[in-house]
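*Asks:* This is the structure, below, for whatever I ask next.
The values are calculated or read from the model by the stated rules, or taken from the named source; none is laboratory data. Note that the structure is a prediction, hence the values are computed from the model and not measured. So basically every Cβ, Gly included, is an ideal-geometry build from the backbone, and we count neighbours across all protein chains shown. The area values use the complete protein model at the heavy-atom level, side chains included, leaving out ligands, DNA and RNA. Shrake-Rupley method; radii C 1.70, N 1.55, O 1.52, S 1.80 Å.
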Amino acid sequence: MRKKTALIHGGITTDAQTGAVSLPIFQASTFKQKSVGDFTYEYGRTGNPTREGVESFIAAIEQGTHGFAFASGMAAIHAVMQLFEAGDHLLITDDVYGGTYRLMTKILAKNNISVSFVDTADHAAIEAAITSATKAIFIETPTNPLLKVTDIRAVAQLAQQHNLTLIVDNTFSTPYWQNPLVLGADIVVHSATKYLGGHSDVVAGLVAVKDEQLAEQLHFIQNGAGAVLSPHDSWLLIRGMKTLGVRMEEIEHNANKLAAFLVAHPKVEKVYYPGLSSHKGHTIHEAQASGFGGIISFTVATEEQALALLQRTKFFTLAESLGAVESLISLPAKMTHASIPRERRLALGIEDGLIRISVGLEDIEDLIEDLTQALQ
Ligand SMILES: *Cc1c(COP(=O)(O)O)cnc(C)c1O
């Protein structure tokens, strides 16, 4: 089954019993047993048919065997982290999503799980950071907001040599463009709030794996800790995911044009977009993904200029988050990355005048006109 077909026919997203082409919302917390212990579903936290629909769907489109749905992307990442124990050490991409940084440094640190943040594009740096306690490598590629690229195949090889679990946050590329499990990763995580949901109306997290034992452990954690996705949100997510392919194609088309426009604009200093041949990770990204996505970051000279621009756009909504039908614009230093100390932020390259856009499905001519007037 090819990608576009898998997005329509992958997983269980229709109802075998009634023939309903849209899997119903099974709004039930408990299920009748035929006799004691004789049941398909038992209790809503343990399993729900609508949730299983979206779980089988993510497994299919990530080319894994098992999927898990959680109440948010952070709940999904937190559940994956429960695979580790006190004393374990993890390596993490240095400019990882801010919420992941906070989870690792402020919450998991209390469980005595330690982390080192490394530039995962630098394989020597990864090797140098591995200790006898290291159990896993957690990467994000491309990253937020600078779109730094990590070579998933190369890091998977390293992980295998050192017997480490490789976890990839695939939120930015989506399974439509990139399949980390196929490239050698063990676990893929998603903030499904972004492109998978795609309509700014649901907060959700998904995990996919290809290994039976990992799947068993994750189901145990999902049921035991209980941060499951509700039946209604599972249904909304399925509905969103079915159009992932057409949305990503159109978003990419718009993003390529906007990136070229920004590169040519005299007030724009730097443009970060993996689709530009000048982008540092362009070649590696091209070798591991079939598309470049819809996130572009660029800098203007000062924070004042950036703030003024953000006030002037009409079709780019000033908001956090990304990956939706509407174009969004944000100032990472003051919004998504405000909790990172300025010095660390600057060291990572997140300047005060850095603007991030998430390209939506509007007419590209309107988007270009809007940025043209806002940049004036
Ligand atoms: C948004 C995001 C998360 C967190 O997901 P939530 O659904 O907001 O909990 C994790 N990773 C990345 C890359 C994200 O963009």
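*Asks:* Over segment 231-376, what is the relative contact order in whole percent, taking alpha-carbon pairs under 8 Å and six or more residues apart?
*Replies:* 26
*Asks:* Only helices at least 27 Å long along their own axis, judged from Cα atoms, and with Kyte-Doolittle mean hydropathy of -0.5 or greater: name those in the chain from DSSP H.
*Replies:* Answer set is 244-264.
*Asks:* If you don't mind, there's one more thing I want to ask. Around L206, with a cut-off of 12 angstrom between Cβ atoms, what is the net charge of the other residues, counting Lys and Arg +1 and Asp and Glu -1?
*Replies:* With Lys, Arg at +1 and Asp, Glu at -1, the neighbours total -2.
*Asks:* To the nearest 10 square angstrom, what accessible area does M335 show with a 1.4 Å probe?
*Replies:* 50
*Asks:* Just the projected area, averaged over all directions, of the convex hull on the alpha carbon atoms of segment 231-303: how many nm²?
*Replies:* Answer in nm², one decimal: 6.9.
*Asks:* May I ask for the percentage of alpha-carbon pairs in the chain that lie more than 32 Å from each other?
*Replies:* Taking all Cα-Cα pairs of the chain, the fraction more than 32 Å apart is 32 percent.
*Asks:* How big is the antiparallel share of DSSP beta bridges in segment 245-375, given as a percent to the nearest 5?
*Replies:* For segment 245-375, the DSSP antiparallel bridge percentage is about 85.
*Asks:* Give the whole-number value, in cubic angstrom per residue, of the convex hull volume spanned by the C-alpha atoms of segment 245-375.
*Replies:* Once divided by residue count, the hull of segment 245-375 is 106 Å³.
*Asks:* Moving on. Using a 1.4 Å probe and ignoring any ligands, DNA or RNA, find the accessible area of H9 and quote it in Å² to the nearest 10.
*Replies:* The value for H9 is about 120 Å².
*Asks:* How big is the antiparallel share of DSSP beta bridges in segment 3-242, given as a percent to the nearest 5?
*Replies:* For segment 3-242, the DSSP antiparallel bridge percentage is about 45.
*Asks:* Roughly how many whole Å is it from the C-alpha centroid of segment 2-63 to that of segment 290-359?
*Replies:* 38
*Asks:* Place a point 7 Å from Cα of Q161 in the direction of its Cβ. Which residues in segment 86-100 have their backbone N less than 18 Å from it?
*Replies:* Of the residues in segment 86-100, 91-92 have backbone N under 18 Å from the label point off Q161.
*Asks:* I'd like the Kirkwood hydrodynamic radius of segment 320-376, using the inverse of the mean 1/r over distinct C-alpha pairs, in Å.
*Replies:* Roughly 12.6 Å, rounded to one decimal.
*Asks:* While we're looking at this one, here's another question. Report, to one decimal in Å, the Kirkwood hydrodynamic radius for segment 136-190 based on all distinct Cα pairs.
*Replies:* In segment 136-190 this quantity evaluates to 11.0 Å.
*Asks:* Which whole-number percent is the relative contact order of the chain (Cα, under 8 Å, 6+ apart)?
*Replies:* Normalised by residue count, the contact order of the chain is 17 percent.
*Asks:* Here is a follow-up. What's the magnitude of the charge dipole for segment 245-375 around its Cα centre, counting Lys and Arg as +1 and Asp and Glu as -1 at the beta-carbon? Answer in Debye, nearest 20.
*Replies:* The calculated dipole for segment 245-375 is roughly 500 debye.
*Asks:* Along the Cα→Cβ direction, 7 angstrom out, place labels at A128 and L307. What is the inter-label distance in nm?
*Replies:* So the label points at A128 and L307 sit 3.9 nm apart.
*Asks:* Which whole-angstrom value gives the distance between the alpha carbon centres of segment 100-140 and segment 175-224?
*Replies:* Centre-to-centre (Cα) distance: 20 Å.
*Asks:* Next up: Considering only protein heavy atoms, what is the solvent-accessible area of E212 at a probe of 1.4 Å, reported in Å² to the nearest 10?
*Replies:* 110
*Asks:* If each Cα of segment 166-292 is one equal point scatterer, what is log10 of I(q)/I(0) from the Debye formula at q = 0.11, 0.21, 0.23 Å⁻¹?
*Replies:* For the requested q values the scattering log ratios are -0.49, -1.27, -1.37.
*Asks:* From the mean inverse distance of alpha carbon pairs (Kirkwood) and the Cα radius of gyration, derive Rg over Rh for segment 1-89.
*Replies:* 1.05
*Asks:* Ignoring ligands, DNA and RNA, what accessible area per residue does the chain give at 1.4 Å, in Å²?
*Replies:* Heavy-atom accessible area per residue stands at 43 Å².
*Asks:* Further, regarding this structure: Only helical DSSP H runs with n ≥ 4 go in: add -39500 (n - 2.57) per run for the chain, normalise by residue count and round the 222 nm mean residue ellipticity to 500 deg cm²/dmol.
*Replies:* About -10500 deg cm²/dmol.
*Asks:* Accessible area of the chain with a 1.4 Å probe: how many percent of it is carbon plus sulfur?
*Replies:* 52
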